[in-house]
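**Q** Dumping the structure here so I can ask a few things about it.
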Amino acid sequence: MNWIMIALGLTVIGITLIWFAKYRPKHQKENRGGADESELRDAYNKTIDLITKEKYYLNKSVKLTDLANELTYNERIVSRAINRFSNGNFNKFINSFRIEHSKELLTGGKFDHYTIEAIAEECGFSNKVSFYNAFKSETGMSPTQFRALKQSK
């Protein structure tokens, strides 16, 4: 009888711990890193400012660590801010700026003689494949299709 009570008690405790780990309120999960909402928002806004003013996204070898150091923030806080307020992780975040820049180059007229590979390089992508994949993911079409569509208008 004692064994049954102990086993039942341990089972209930185990189930409770598993349930709590899986279903605890979201705000408790998000606050693990010690940064509050306003600090994350501030880090995100400063990240956007730096990236747009300095065209940080054009650097092919940009890393989260470099960005965090430049901002004088902890890498984890910058990462959490990007994850929280943008549509993805650091790479997707940087690529979104690169894609916007590439759209300007693809339709600007001044770069009509550039190949897609040259545009990719100009925008900070390290290779054509990553550019195509990011562009298609963001716009729903390839850079070539985008250029042709804009030139036909």
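**Q** Considering region 64-74 alone, what residues qualify as being of a type outside the set (S, T, N, Q) and either in the same structural domain as SER130 (by TED's automatic domain parsing) or assigned to a loop (DSSP other than H, G, I, E, B) (or both)?
**A** Result: TYR73, single match.
**Q** Working carefully through the options ILE99, ILE82, ILE94, ILE119, find the one that is of a type in the set (Val, Ile, Thr) and touching a Leu at 6+ places or on another chain (Cβ under 6 Å).
**A** It is ILE119.
**Q** Filtering region 58-77 down to residues that are closer than 28 Å to ILE119 by Cβ and among the β-branched types (Val, Ile, Thr), which residue is surrounded by the most Cβ atoms within 10 Å (Cβ to Cβ)?
**A** Within region 58-77, the match that is surrounded by the most Cβ atoms within 10 Å (Cβ to Cβ) is VAL62.
**Q** Hey, among PHE97, PHE125, which residue is more than 30 Å from ALA35 (Cα to Cα) and either within 16 Å of the chain's Cα centre (by Cα) or of a type outside the set (Val, Ile, Thr) (or both)?
**A** Details: PHE97 fails: more than 30 Å from ALA35 (Cα to Cα).
Being more than 30 Å from ALA35 (Cα to Cα) and either within 16 Å of the chain's Cα centre (by Cα) or of a type outside the set (Val, Ile, Thr) (or both) holds for just one of PHE97, PHE125, which is PHE125.
**Q** While we're on this one: I want to confirm something. Restricting to region 38-56 and keeping residues that are of a type in the set (S, T, N, Q) and touching a residue at least 24 places away in the same chain (Cβ under 8 Å), which single residue is surrounded by the most Cβ atoms within 10 Å (Cβ to Cβ)?
**A** Of everything passing the filter in region 38-56, THR47 is surrounded by the most Cβ atoms within 10 Å (Cβ to Cβ).
**Q** Condition test on SER79, is it within 29 Å of MET141 (Cα to Cα), at pLDDT 90 or above and either over 15 Å from the mean Cα position of the chain (by Cα) or outside the structural domain of GLU138 (by TED's automatic domain parsing) (or both)?
**A** In short, yes.
**Q** Residue check: is GLY109 outside any helix (DSSP H, G or I), at pLDDT 95 or above and either more than 23 Å from GLY88 (Cβ to Cβ) or small (Gly, Ala, Ser) (or both)? Don't jump to the end; show me each part of the working.
**A** Values: outside any helix (DSSP H, G or I): yes; at pLDDT 95 or above: no; either more than 23 Å from GLY88 (Cβ to Cβ) or small (Gly, Ala, Ser) (or both): yes.
Here the answer is no, as GLY109 does not meet what is asked.
**Q** Residue by residue through region 112-153, note down the ones that are small (Gly, Ala, Ser), buried (at least 17 other Cβ atoms within 10 Å of the Cβ) and more than 19 Å from ASN87 (Cα to Cα).
**A** ALA120, GLY124
**Q** Return the residues of region 92-111 that are exposed (fewer than 14 other Cβ atoms within 10 Å of the Cβ) and more than 26 Å from SER152 (Cβ to Cβ); say none if nothing qualifies.
**A** Once the filter is applied, which keeps residues that are exposed (fewer than 14 other Cβ atoms within 10 Å of the Cβ) and more than 26 Å from SER152 (Cβ to Cβ), region 92-111 yields nothing.
**Q** Is there any pair linking a residue in region 102-123 that is polar (S, T, N, Q) to one that is modelled with pLDDT of 90 or more, with Cβ under 6 Å and at least six apart or on different chains, and which?
**A** SER102/ILE119; SER102/CYS123
The values are calculated or read from the model by the stated rules, or taken from the named source; none is laboratory data. Quick caveat, the model's predicted, so the values are computed rather than measured. Cβ: placed from backbone, ideal geometry, glycine included. Neighbour counts: every protein chain shown.
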